[in-house]
Protein chains: 4
Amino acid sequence: MKIFNVIVVGCGRIGKMHVENLLAYFPNVTVQAIVDDNVDSEWAKSLGIPNILQSDQLDAALSDPSIDAVIIAASSSEHVNLIQRVAQAGKNMFCEKPIGFTPETIQVAINAVEQAGVILQVGFNRRFDPDFSRIQQTVAHGEVGLPHIVKITNRDPRRPDLKFIPRSGGLFLDFNVHDFDTARFVTQQEVKEVFVMGAVLVDPKIGELGDIDTATISLKMDKGTFCIIDTSREAVYGYDQRLEVFGSEGSIAADNETETRTQLSTADAVFSETCLYSFVERYQEAYRLQFEAFFATLAAKSSAVVGANDAKQAVAIAVAASESLRTNRPVSLK
Amino acid sequence: MKIFNVIVVGCGRIGKMHVENLLAYFPNVTVQAIVDDNVDSEWAKSLGIPNILQSDQLDAALSDPSIDAVIIAASSSEHVNLIQRVAQAGKNMFCEKPIGFTPETIQVAINAVEQAGVILQVGFNRRFDPDFSRIQQTVAHGEVGLPHIVKITNRDPRRPDLKFIPRSGGLFLDFNVHDFDTARFVTQQEVKEVFVMGAVLVDPKIGELGDIDTATISLKMDKGTFCIIDTSREAVYGYDQRLEVFGSEGSIAADNETETRTQLSTADAVFSETCLYSFVERYQEAYRLQFEAFFATLAAKSSAVVGANDAKQAVAIAVAASESLRTNRPVSLK
Amino acid sequence: MKIFNVIVVGCGRIGKMHVENLLAYFPNVTVQAIVDDNVDSEWAKSLGIPNILQSDQLDAALSDPSIDAVIIAASSSEHVNLIQRVAQAGKNMFCEKPIGFTPETIQVAINAVEQAGVILQVGFNRRFDPDFSRIQQTVAHGEVGLPHIVKITNRDPRRPDLKFIPRSGGLFLDFNVHDFDTARFVTQQEVKEVFVMGAVLVDPKIGELGDIDTATISLKMDKGTFCIIDTSREAVYGYDQRLEVFGSEGSIAADNETETRTQLSTADAVFSETCLYSFVERYQEAYRLQFEAFFATLAAKSSAVVGANDAKQAVAIAVAASESLRTNRPVSLK
Amino acid sequence: MKIFNVIVVGCGRIGKMHVENLLAYFPNVTVQAIVDDNVDSEWAKSLGIPNILQSDQLDAALSDPSIDAVIIAASSSEHVNLIQRVAQAGKNMFCEKPIGFTPETIQVAINAVEQAGVILQVGFNRRFDPDFSRIQQTVAHGEVGLPHIVKITNRDPRRPDLKFIPRSGGLFLDFNVHDFDTARFVTQQEVKEVFVMGAVLVDPKIGELGDIDTATISLKMDKGTFCIIDTSREAVYGYDQRLEVFGSEGSIAADNETETRTQLSTADAVFSETCLYSFVERYQEAYRLQFEAFFATLAAKSSAVVGANDAKQAVAIAVAASESLRTNRPVSLK
């Protein structure tokens, strides 16, 4: 089995999770270095990571020919710059979403990657979720016929920390960008038109910060499928993640996952579990499988299964959604 | 469409339900008379029943040649006598279960019916329940292969009135007789051996009256299938009625019915409905369909779909179950 | 119990169903006459309806003081005229939806009814469905908090006969008018704005006749709730009828009903039943309960639980939906 | 965090799984050596295990004071001998079930462990399954009241290799020993009496080898709860693992786990997934959690959460079950 030496850049909540997954599930992957100015060093030490670097040491580390790949999980605003530097160093990379907040910015990253001829996989983890990927395959095999309507429910269990809102990019870029990718993924179509109804229903402070927290989003895909997304920053019963594709020959739907399948029946009611509470538990398997795909791509020197263009398209839809919300009009995508 | 004139004998809770079902669903059936010494006359009048008779008027009524059939829903202890009289009058009949409390008593009824050449259908309504009959058909079509294990759950929502216990015939004859019939129905096999574990867990007063309220019953069928029945006089969450047939090629199971399919998700739990509360709601459709079968049998002059021998076999199993409980030994049936 | 003598005007598929339900479930209701020029007389005779009238005999029949109410289930185009005549005769009435195809037409009916001081209940049967009404009550009791998003799925099992399309009023007026009423019913809010994406995906012939067969409809309610409706003229797996209300404190949803709760597990898959095939089975209970409400209203001389204004509002939304589809713009309601 | 150095004895299918779980989930556990005469050395090398030993090197390895614990996953027939040797070396240990095939043999192991004052945890992994342990906790908290009936379904997806049958100990000792432990676990009661109905229904060759493949087992617990187990060596639809506890105040049940929650609806049926195929997938989490408990016990120097006495009791029930099958009589346990 080929051994991969990787550097992980950025070790906040997501970066740590990636490091732990790499150590747990990928015996052939060695995390050679972590690059983070504020790393949790006790945590890093307990895992036996050999090198803990400051951000100004990254370029030196990239020049090490034994390094095979870089995992980028730094702040979103640094992604494009990091992608450029990693590409220039000739290394393959995985980058968390969002790569950037406009299609133009992402194009800069695409250019860098293409020029360098390296692989860039983007962190649209939901494509690797067993439920969602089963739906995609079922649709691709024609088992529901021509897809007519896609329904996506994406509701977070708890409104984010208000400090996060200003640098989040807003609801569409931060949160629904996943749904836009899911719509493209399950239909294998591009989005032609977007219409949004949205408002601040969860927390007025989110509105004061210029964002919304509740929306319904309608998409028209380029081969005729419609898609509706309903989304909220807060579902008190947990992380509500459902997907349905309805077509000429049938329908396939994924319901929420729960921790157990127990049901308690009493004189009052039948109680079952609420859905899993956060993306960490809900997409645990997806996070593992996206790295499996990444290293398989590296081994095969093939092209990324989820590439920078997917990131760019999803962001373009998010930008159009913002415009639709602002103008209260459907917005076409070029 | 052929018109049927019927007499209903016995109008307690079940008899009333039968009358109302006949009026609601069977435009071609006329309830010519009700025979009950303590009839709820206001109720009967409101339904427009032409004749409300005392029990000593039954034989005269039976001599009316326009009467096509008799529905017997009187006290169980009178069933055999009534069956004999109706048979002697040459009328077809439907009789509620149990026909009698011993196989020998039921044989008396069988003899009367056979001698008179009339039709007697027995009220094992669960055979007509859409769920249970779907299972029976699926098994009969071989879709689960050879049946290996049958599982029946039969739990009443609320312990019966203690006054009912002494004349009920006991748990097995009153309550599980349905399960014994279901085991025979879905396997199309006879019972060879019975073993019971049972006790008084719900209400000590039931024990003082010589009965039990909780049991597990194991049956060995004559072509090798096993059957386990778990039963209780009180399930606080409702009338728990489940059936499963597991075989060499798969399994088919029926879950409980509920009034609606709504689910409420809150921060605490997902709440759904408890099962339907009583046999009236749970087997409403079955009660209707068993009369459909009865009148179809009458019209076709064919033999009863659930006959007196089915009643006799179920009672024989109940008697063996009682013996098993008493002796703590498996008991064989001849 | 008060006895009600009714006349049923129009005995096509729906009218027949109403007559049969009245006979089966309402012992205190007598169908005195059926008015239909093309009545199925064998059917009517078998039910023992005393008078089978031609449409030109209606006014004479209405002058009979013993008549308490009229059930209108004639062609939609005749509804307003019939309502006027029944109102002028001083009779209470139940009228199938749609009352008319424009809010203005319906206003004519409203005026007639108000002037005459009679009761008019409109056939929005889904309000009486046990699942939907449970949801409405749960929302009204505040159990999901403030409603943020309502989701309605309304998919017919089979495209309608093409001959029906031109006189149907179109998808929104014929089919989604129920959903518009449901949105109003569960939120107790009025619709402020409508946006539609729609197309012909099921059958190009429906497009040739000027209608569409697939749509997603977004509603903004006047107290801030959003509603999304996804609809199709053909779901091959049956009549897909789901409703969900998501709010600040939780969510309540109704799943589809099926004939049985059986599940067959084989080496290949677990098979369960598709949803009920048509509105007749799915809303059987709702059809009964709406008449229960109607006769209760008559007895109490109270105002209709679903009145002509509800019909008018639903039609106004349908008209706005058509305009939105035509202009590809959100359309405001006054 | 305390570091634990362990030796794993026996690296067949289960032993390998344990090693891989230890490496993946327990950063503070080092597998210092594997002891197996037929080890898959390529597999062991790829995992970087430092020492791969023959069985005659075990005692020397045990004398190494740096070793903290031993995981025993060798052939069942060697378990008691291994436990004695590990205990004499003063090491704590985890041992796969079954420890032995008779209560007397297991007593030998218990004596050795008690004399040495070491910890022995037994591999009844199902106690750690999130569904089963949720049920145990719910019952322990009194949420279903006094338990009246426990129902356990244990069906293997595929009959075992016939070569395994003779050394398996038979259906009860090999397979249902888990269920006997589950009955004790959820009720916190001991078994008083066992009755079995069993036969060869899956494969006559299993019968030729002196075993059975299908059974229903009835248990009477010492505080009055009844338990019924239905079991089969082959359920074509997968590894069917269900548990239900019914009591005076309600019922709690765990349904099967599936890989995804997708449902495909077509004109024919609604298709969902069969249950997980084998114990490896079904009890993956339980296998991890039982080691978590083991190392927590070691760190706390407390007593084993599942000890040798639990193994002895389960085996005693299995032995009684065999006698019941042989004699067709209920068998009491001392």
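How would you classify segment B:240-280 from its alpha-carbon gyration tensor, with a ≥ b ≥ c the square roots of the eigenvalues: rounded for a/c under 1.5, else prolate if a/b is greater than b/c, otherwise oblate? Oblate shape, in that a/c is at least 1.5 and b/c is the bigger or equal ratio.
Across the copies of the chain, B:N38 has label points (7 Å from Cα along Cα→Cβ) spaced 5.7, 7.6, 8.1 nm apart, shortest distance listed first. Evaluated at 25 °C with a viscosity of 0.890 mPa s, what Stokes-Einstein diffusion coefficient in µm²/s does the protein assembly as shown have when Rh comes from the Kirkwood expression over alpha-carbon pairs? This corresponds to a translational diffusion coefficient of 70 µm²/s.
Ordered from longest to shortest, the equivalent ellipsoid semi-axes for segment B:293-332 are 35, 7, 5 Å, each the square root of 5 times a Cα gyration tensor eigenvalue. Segment C:284-333 and segment C:135-149 have Cα centres spaced 20 Å apart.
Between chain B and chain C, the total buried accessible area stands at approximately 2200 Å², from heavy atoms with a 1.4 Å probe. Based on the convex hull around the alpha carbon atoms, segment D:91-159 presents an average projected area of 7.4 nm².
For D:A44, the shell of other residues with beta-carbons less than 14 Å away shows a net charge of -3, using +1 for Lys and Arg and -1 for Asp and Glu. Rounded to the nearest Hz, the phi-derived 3J(HN,Hα) couplings of segment D:127-132 under the Karplus curve 6.51 cos²θ - 1.76 cosθ + 1.60 (θ = phi - 60°) are 4, 9, 4, x, 5, 5, where x marks glycine and proline. Loop-located trypsin sites (Lys or Arg not before Pro) across segment D:176-253 with a Cβ neighbour count of 15 or fewer within 10 Å are D:K223, with loop assigned by DSSP. Estimated from the Cβ-Cβ distance and a Förster radius of 35 angstrom, the FRET efficiency linking B:D56 and C:D40 is about 0.15. Placing +1 on each Lys and Arg Cβ and -1 on each Asp and Glu Cβ, with no other charges, gives the protein assembly as shown a dipole about its Cα centre of roughly 0 debye. Under the simplified labelling scheme, the C:A140-D:E208 pair shows an inter-label distance of 7.1 nm, with each label point 7 Å from Cα along Cα→Cβ. Taking the label point 7 Å along Cα→Cβ, A:P27 and its counterparts in the other copies are spaced 2.0, 7.5, 7.7 nm apart, in ascending order. In this entry, chain A is assigned a mean projected area of 19.2 nm², taken as a quarter of its C-alpha convex hull surface. Site pair D:S303 and C:A293 shows an inter-label distance of 6.4 nm when each label is modelled 7 Å from Cα along Cα→Cβ.
With viscosity 0.890 mPa s and temperature 25 °C, the Kirkwood radius over alpha carbon pairs of segment A:1-145 converts through Stokes-Einstein to a diffusion coefficient of 151 µm²/s. Calculated from the alpha-carbon coordinates, segment B:52-103 shows an Rg and a Dmax of 11.0, 34 Å respectively. Label zone of A:E20 (point 7 Å out along Cα→Cβ, amide N under 20 Å): in segment A:240-276 this covers A:258-260, A:276. Ascending distances from the B:A293 label point to its copies in the other chains, with the point 7 Å along the Cα-to-beta-carbon line: 3.7, 4.8, 5.3 nm.
Backbone amide hydrogens, once placed in the peptide plane, bring A:E190 within less than 5 Å of A:D222, A:K223, excluding anything fewer than 5 places away on its chain. Solvent-accessible area per residue in segment C:1-86 equals 45 Å², computed with a 1.4 angstrom probe and all protein chains kept.
Quick one: with all protein chains in place, what share of the accessible area of the protein assembly as shown is carbon or sulfur, to the nearest percent (1.4 Å probe)? Answer for the protein assembly as shown: carbon and sulfur cover 48 percent of the accessible area.
Diagonalise the Cα gyration tensor of segment D:134-191 and give the resulting equivalent ellipsoid semi-axes, square root of 5 times each eigenvalue, largest first, whole Å.
30, 11, 8
Taking only C-alpha pairs under 8 Å that are 6+ residues apart, what is the relative contact order of segment B:1-147 in percent?
Contact order relative to length: 19 percent.
The charge dipole of chain D, taken about its Cα centre with unit charges on the Cβ of Lys, Arg, Asp and Glu (plus for the first two, minus for the last two), comes to roughly 600 debye.
Annotation: the antiparallel percentage among DSSP beta bridges lying fully within segment B:154-233 is about 90.
Is the shape of segment D:275-318 best called rounded, prolate or oblate, per the rule: a/c under 1.5 gives rounded, else a/b larger than b/c gives prolate, else oblate, with a ≥ b ≥ c the square roots of the Cα gyration tensor eigenvalues? Taking the square roots of the gyration eigenvalues as a ≥ b ≥ c, segment D:275-318 is oblate. The equivalent ellipsoid that matches the C-alpha gyration tensor of segment C:197-334 spans semi-axes of 29, 26, 18 angstrom, in descending order. Computed over segment D:99-221, the quotient of the alpha carbon radius of gyration and 2.2 N^0.38 Å is 1.22.
Count the DSSP beta bridges whose two residues both fall in the protein assembly as shown, then state the antiparallel fraction as a percent rounded to the nearest 5.
Details: 158 of 266 bridges.
Counting only bridges with both partners in the protein assembly as shown, antiparallel ones make up about 60 percent.
Pairs exceeding 31 Å between alpha-carbon atoms, taken from A:K97/D:K45; D:K16/D:K192; A:K16/D:K2; A:K16/D:K45: A:K97/D:K45; D:K16/D:K192. Taking every protein chain into account, the accessible area of segment B:208-334 amounts to 36 square angstrom per residue (probe 1.4 Å).
Kindly provide log₁₀ I(q)/I(0) values, in the same order as q = 0.15, 0.18, 0.23, 0.25 Å⁻¹, from the Debye equation applied to equal alpha-carbon scatterers of segment C:5-70. At q = 0.15, 0.18, 0.23, 0.25 Å⁻¹ the computed log10 ratios are -0.40, -0.59, -0.98, -1.15. Among residues of chain B, the one whose Cβ lies closest to the rotation axis carrying chain B onto chain C, together with that distance rounded to whole Å, is B:A24, 2. For segment C:113-120, backbone phi angles converted through the Karplus equation (6.51, -1.76, 1.60; θ = phi - 60°) give residue-by-residue couplings of 5, 5, 4, 7, x, 9, 9, 10 Hz, Gly and Pro being listed as x. Here the Karplus curve 6.51 cos²θ - 1.76 cosθ + 1.60, taken at θ = phi - 60°, turns the phi angles of segment A:20-28 into couplings of 5, 5, 4, 5, 6, 10, 10, x, 8 Hz, with x standing for Gly and Pro.
The values are calculated or read from the model by the stated rules, or taken from the named source; none is laboratory data. If you're wondering where the values come from, they're calculated on a predicted model, not measured in any experiment. Ideal geometry is used to build each Cβ from the backbone, glycine not excepted, and the neighbour counts take in all protein chains shown. To get the accessible areas, we keep the full protein, side chains included, count just its heavy atoms, and leave off ligands, DNA and RNA. Shrake-Rupley method; radii C 1.70, N 1.55, O 1.52, S 1.80 Å.
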